[in-house]
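*Asks:* Take this structure first; my questions come after.
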Amino acid sequence: MKSLSVYITLLFFAIVTCLTSCVREDDEPALAKISVSRLYISFSEFQLDESRPPYNNIDIIDRADTLTFEPALSYNSGIKGGAAISFSPIAKFIFQSSANGAGSVNDTSIQVMSVNAKTGAPAYKGLISNGLLRNVTGLAYHYNKGSENLYVSNLGAGSNPSHIYLFQKPGNFRGKAKRSQEIALGTLTPWTMAFKNTEDNADLLMSVTGEKRGIAIFRDILRKNLPADSVLTATQFPPKAVLTIANQGEVRGFSYSARQDLLAVACYTAGTGGHPNVGRILLFEKASSLLSATGDRAIDPTRIITGSTTGLVRPLDVAIDNRDGAKYLYVADADSKIVSRFLINDTGNVAPNKIKQYTLTPVALSLDARGPGEDF
């Protein structure tokens with residue numbers, strides 16, 4: 001009997017050990033068992049008539065790389081008109097800023113949403129509210145070694161310059177949020193932002209328009225461990241380089257893929273004399289060499305997608321699929337109200353591979369594209 005009880009005890013401990021070893025630690029990222037391709041689309045409209053149903057200001061096209069290019073889900077984040085949108089697979093959050101920060105509708109906030117790992121469906125997580133966030137154009141999240149940072153680009157008005165604001169641990173706010181840092185941008189007019197990679201010294205890339213049009217590169221921004229509420233002037237922390245783009249009109253959103261070594265920039269020339277705008281997607285191959293610049297320089301696109309067949313009128317954002325063997329890039333066009341899918345090697349006056357026509361205005365994109373086994 002003693003040997004039987006010993007056997008049972010050993011078997012029990014073996015089972016417990018097996019079960020506990022299979023449980024994922026809280027800080028261990030879930031891995032995608034299949035390839036993921038979810039396109040998050042932000043719409044700018046807000047329903048002012050409270051007697052009518054609110055607009056859903058986010059659409060999710062799941063399996064955006066398949067023949068069926070249709071939304072799987074629509075969601076109302078509560079933001080009064082969507083502007084910038086950014087999904088982080090590390091934070092497992094969607095961040096969406098408000099488009100309506102002035103006038104009769106005053107919403108100076110950024111919605112934080114958790115994401116269902118299987119469906120991509122958003123759910124309320126928190127709210128970053130600060131009166132400084134009057135016109136947010138870009139959001140860039142970075143996590144490294146326990147440090148969580150959300151950088152926000154905000155357009156200035158009048159004599160007030162544009163700024164970058166930093167909010168640390170952005171998933172913890174439930175309303176009024178204090179910025180941790182502020183960087184004045186001087187004459188630069190910001191649009192979208194993204195970190196070049198996940199390293200603790202990653203460059204922050206920002207598309208800019210106005211006097212200088214192109215891509216600004218900020219080095220060591222993550223290592224600016226300054227006191228809370230610190231303010232840096234444009235001369236104290238200028239970009240290390242601005243890659244200027246000439247003769248292509250207004251610069252808007254951009255996307256950089258390290259795997260494809262490709263930079264895509266959305267821009268347009270405003271129409272005159274009754275003529276429509278002319279939209280373009282500029283594509284820069286071997287972009288890593290361009291983005292390693294240490295001083296201002298002019299850059300020219302390798303390829304340009306433009307022309308009447310493309311349907312591009314006023315593209316505001318672009319997203320490149322960063323997976324190995326990816327085929328597509330995606331464009332949000334505000335004037336045509338179309339989200340288009342192009343082949344990643346397209347050039348010239350080509351028709352989109354797929355389009356989705358909307359009644360609301362798509363203004364920003366964020367693509368969650370991961371291969372099997374890549375971190376959620």
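*Asks:* If the viscosity is 0.692 mPa s and the temperature 37 °C, what translational diffusion coefficient in µm²/s does Stokes-Einstein give for region 88-130 when Rh comes from Kirkwood over Cα pairs? Show your work: numbers first, answer last.
*Replies:* Values: Rh = 11.3 Å.
Result for D is 291 µm²/s.
*Asks:* Another question about this same structure. What accessible area per residue, rounded to a whole number of Å², is obtained for region 76-153 using a probe radius of 1.4 Å? Spell out each step's value before the answer.
*Replies:* On the way: 2740 Å² over 78 residues.
Per-residue accessible area for region 76-153 comes out at 35 Å².
*Asks:* Let me ask another. Placing one identical point scatterer on every Cα of region 254-296 and ignoring solvent, what is log10 I(q)/I(0) from the Debye formula at q = 0.15, 0.16, 0.31 Å⁻¹?
*Replies:* -0.50, -0.54, -1.02
*Asks:* Here is a follow-up. Taking θ = phi - 60°, what integer Hz values does the Karplus form 6.51 cos²θ - 1.76 cosθ + 1.60 yield along region 56-71, in sequence order, with x for Gly and Pro?
*Replies:* 7, 9, 9, 10, 10, 8, 8, 6, 5, 9, 9, 5, 8, 9, 9, x
*Asks:* Between beta-carbons, use under 13 Å as the cut-off and find the net charge around Val251, counting Lys and Arg +1, Asp and Glu -1. All intermediate terms of the calculation are to be shown ahead of the outcome.
*Replies:* Details: positive: Lys212, Arg213, Arg252, Arg280, Arg314; negative: Glu211, Glu250, Asp317.
Result for the local shell: +2.
*Asks:* Also, quick follow-up: Residues in region 311-335, backbone N under 13 Å from the label point at Asn349 (7 Å along the Cα-to-beta-carbon vector): list them, ranges by number please.
*Replies:* Hits in region 311-335 for Asn349 at 13 Å: 311-312.
*Asks:* Given Cα pairs under 8 Å that are at least 6 residues apart, what percent is the relative contact order of the chain? Show your work: numbers first, answer last.
*Replies:* Numbers: 978 pairs, mean separation 54.5, N = 376.
Once divided by the residue count of the chain, the mean separation gives 14 percent.
*Asks:* Might you tell me the accessible area per residue for region 252-376, computed with a 1.4 Å probe and given in Å²? Let's see the in-between values first.
*Replies:* Working: 4990 Å² over 125 residues.
That works out to 40 Å² for each residue.
*Asks:* Can you give me the pair-distance distribution of region 197-314, C-alpha pairs, 5 Å bins, whole percents?
*Replies:* Here the calculated profile for region 197-314 is 2, 10, 19, 21, 17, 12, 9, 6, 3, 1, 0.
*Asks:* Could I ask something else about it? If I take the Cα coordinates of region 263-360 and project them onto the principal axes, what are the three extents in Å, biggest first?
*Replies:* Principal-axis extents of the Cα atoms in region 263-360, largest first: 41, 35, 23 Å.
*Asks:* Over the Cα atoms of the chain, compute the convex hull volume and normalise it per residue, giving Å³. The partial results should precede the final answer.
*Replies:* Working: hull volume 70.4 nm³, N = 376.
Spread over its residues, the Cα hull of the chain gives 187 Å³ apiece.
*Asks:* Listed highest first by mean packing, meaning other Cβ atoms within 10 Å per residue, what order do 246-253, 113-120, 361-368 come in?
*Replies:* Numbers: 246-253: 17.9, 113-120: 15.8, 361-368: 24.6.
Per-residue mean Cβ counts within 10 Å order the peptides as 361-368, 246-253, 113-120.
*Asks:* Taking 4 °C and 1.567 mPa s as the conditions, I'd like the Stokes-Einstein D for region 88-202 in µm²/s, using the Kirkwood hydrodynamic radius from alpha carbon pairs. Kindly include the intermediate steps, with their values, before the conclusion.
*Replies:* Numbers: Rh = 14.7 Å.
It diffuses with D of about 88 µm²/s by this estimate.
*Asks:* If you don't mind, there's one more thing I want to ask. Starting from the amide H of Leu127, placed 1.01 Å from N in the peptide plane, find each other amide H under 5 Å away whose residue is 5 or more places distant or on another chain.
*Replies:* Sorted by chain and number, the residues that satisfy this are Val112, Phe173, Arg174, Gly175.
*Asks:* Roll a 1.4 angstrom probe over the protein heavy atoms and tell me the percent of accessible area of the chain that is carbon or sulfur. Before the final figure, lay out each step's value.
*Replies:* Details: 9270 of 17550 Å².
C and S fraction of accessible area: 53 percent.
*Asks:* Related question: For region 25-177, what is one quarter of the convex hull surface built on the Cα atoms, given in nm²? Don't jump to the answer; show the numbers that get you there.
*Replies:* Values: hull surface 42.7 nm².
Projected area, direction-averaged: 10.7 nm².
*Asks:* Quick one: what are the phi-derived ³J(HN,Hα) couplings along region 253-261, Karplus 6.51/-1.76/1.60 with θ = phi - 60°, whole Hz, x for glycine and proline?
*Replies:* Calculated HN-Hα couplings, in order: x, 9, 8, 10, 10, 5, 5, 7, 6 Hz.
*Asks:* Another question, if that's okay. Could you name the lysines whose alpha carbon sits less than 22 Å from that of Lys125, not counting residues in the same chain fewer than 8 places away?
*Replies:* Straight-line reach from Lys125, under 22 Å: Lys80, Lys92, Lys169, Lys176, Lys178.
*Asks:* Apply the Karplus parameterisation 6.51 cos²θ - 1.76 cosθ + 1.60, with θ equal to phi minus 60°, to every residue of region 125-134 and state each ³J(HN,Hα) to the nearest whole Hz, in sequence, with x for glycine and proline.
*Replies:* With coefficients 6.51, -1.76 and 1.60, one gets 10, x, 8, 9, 10, 7, x, 6, 8, 8 Hz.
*Asks:* For the chain, give the share of DSSP beta bridges that are antiparallel, in percent and rounded to the nearest 5; count only bridges with both residues there.
*Replies:* Values: 100 of 109 bridges.
If I count the DSSP bridges inside the chain, around 90 percent turn out antiparallel.
The values are calculated or read from the model by the stated rules, or taken from the named source; none is laboratory data. Note that the structure is predicted; figures quoted are calculated from it, not measured. All Cβ positions, glycine included, derive from the backbone under ideal geometry; neighbour counts span all protein chains shown. SASA here: full protein model, heavy atoms, side chains in, ligands and nucleic acids out. Shrake-Rupley method; radii C 1.70, N 1.55, O 1.52, S 1.80 Å.
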